[in-house]
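Structure first, then comments.
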C-alpha cells in the first residue's frame, strides 16, 4: 500500500484516497483504470521523490512502451512528425512506430510527456536516454522495480502491475480509433463489436502494431475479444491466474530463476473444467542467456509452493502461444 506520506501528498493535490485503492476489477482487463486505480494520481505521487520513474511510467502509459523500451528510450531521436519511432530495447530487435492519438486532448498529453522526457534525458544522461547512467539493463530493471515496491505498485497491494500501463495504452488507443472502450472492459454490448467487425479488426491491427506485435490477434491479450466464451470459463481462467500471481513466493521465485513471461496454455487457457487431480499447464519463456536447465528449479519451486497443481512447459521458438493467456509476474 502507499505510505501515509504518499496519501497526504495526494490529498494536498485534491486527490481522494479512493482514487488509488483497489476497486472491483472489470473482468478480463489488466489496465489500471479497469482495476479502479488512477494512474495519473499515482504518477503524481511518485514524481515528488522519483521524477525519473514517474516519467518512465508516463511513457508506458501514453505510448505503450515496455519497461526495457522505456529505459532505452531516446526522446530526441525518437520523435517523428506524427508519433515516435521505437528502436532500442524492443523485443526481437524489431522497431515500430507509435502514432499520436487523434483525440486532441490525448495527443496534447502525449506531446507534453515527450517534451518533458526529452528535457530530462538531455539534462541527466549523456546518451540522451531515459535510463540510468552507468547501470546495465539488468541493474536498471532492478532499480526500476525497487521503486515500484516502494510505492506498493504490485498485484498484492493495488491489484495492478507495471505492465498494466501498457494495457491501458492499448485500451485508450482502441477507444481513439473506434470511439468505444475495448471488449475487455465490458462497457459496450458485444453486439456493437459484432456489428462493426471491420472497424474493430482495423483497431486490433493498429493496436498490435503500436505495441510491437505484428498479428492483430495478439492484441486480444490486451483488449480481449468478442468470443462466445462463457462467463464460467472466464472465471476459471481468472482463478488460475490468481493462483499463480497471488500464491506467496511463486511470481518472485519464477522471476528470480530467470523466467521472463508465463502463459496458461492448453485446457487451462480455454477455461475448460478440469478434474481436481489434473495439473494446469504453465508455459514459460526465459530471460535472454538463461539456460533451459533452469526448468528443473522452476519445477521444484512450483512443486513446493503449488504441489500437484502445475505442469511447466518451455516456450519454443520465442513466439507467444496462440492459445495462451498471459500471467503477469510483476
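The values are calculated or read from the model by the stated rules, or taken from the named source; none is laboratory data. No experiment lies behind these values; they were computed from the predicted model shown. Cβ atoms come from the backbone with ideal geometry, glycine included; neighbour counts cover every protein chain shown.
Restricting to the stretch 138-156, name every residue that is touching a residue at least 60 places away in the same chain (Cβ under 8 Å) and exposed (fewer than 15 other Cβ atoms within 10 Å of the Cβ).
Selection gives 156 alone.
Name the one entry in 118, 111 that is surrounded by fewer than 18 Cβ atoms within 10 Å (Cβ to Cβ), over 30 Å from residue 319 (Cα atoms) and at pLDDT 95 or above.
Residue meeting the stated conditions: 111.
Any idea which of (1) over 23 Å from residue 211 (Cα atoms); (2) surrounded by 18 or more Cβ atoms within 10 Å (Cβ to Cβ) is the one residue 248 doesn't satisfy?
So the condition that residue 248 fails would be (2).
Which of the residues belonging to the stretch 69-108 are exposed (fewer than 13 other Cβ atoms within 10 Å of the Cβ), part of a loop (DSSP other than H, G, I, E, B) and under 20 Å from the mean Cα position of the chain (by Cα)?
Within the stretch 69-108, 94, 95 qualify.
Is it true that residue 172 is modelled with pLDDT under 95 and either more than 19 Å from the chain's Cα centre (by Cα) or closer than 27 Å to residue 235 by Cβ (or both)?
no
Scanning the stretch 175-188 for residues that are within 18 Å of the chain's Cα centre (by Cα) and in a loop (DSSP other than H, G, I, E, B), which turns out surrounded by the most Cβ atoms within 10 Å (Cβ to Cβ)?
Residue satisfying both the conditions and the ranking: 182.
With touching a residue at least 24 places away in the same chain (Cβ under 8 Å) and in a loop (DSSP other than H, G, I, E, B) as the only criterion, which of 200, 160 stands out?
Matching residue, one of 200, 160: 160.
Every residue, every condition in (1) buried (at least 20 other Cβ atoms within 10 Å of the Cβ); (2) out of contact with any helix residue (DSSP H, G or I) (no Cβ under 9 Å at 6 or more places or on another chain); (3) modelled with pLDDT of 90 or more, yes or no:
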position	(1), (2), (3)
262	yes, no, yes
276	no, yes, no
298	yes, no, yes
303	no, yes, yes
307	no, yes, yes
316	no, yes, no
320	no, no, no
328	no, no, no
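Results for (1) assigned to a helix (DSSP H, G or I); (2) over 28 Å from residue 288 (Cα atoms), shown as yes or no for each residue.
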position	(1), (2)
112	yes, yes
123	yes, yes
133	no, no
139	yes, no
145	yes, no
148	yes, no
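Which condition number in (1) part of a loop (DSSP other than H, G, I, E, B); (2) farther than 25 Å from residue 41 by Cβ is the one that residue 153 fails?
If we test residue 153 against (1) part of a loop (DSSP other than H, G, I, E, B); (2) farther than 25 Å from residue 41 by Cβ, just (2) comes out false.
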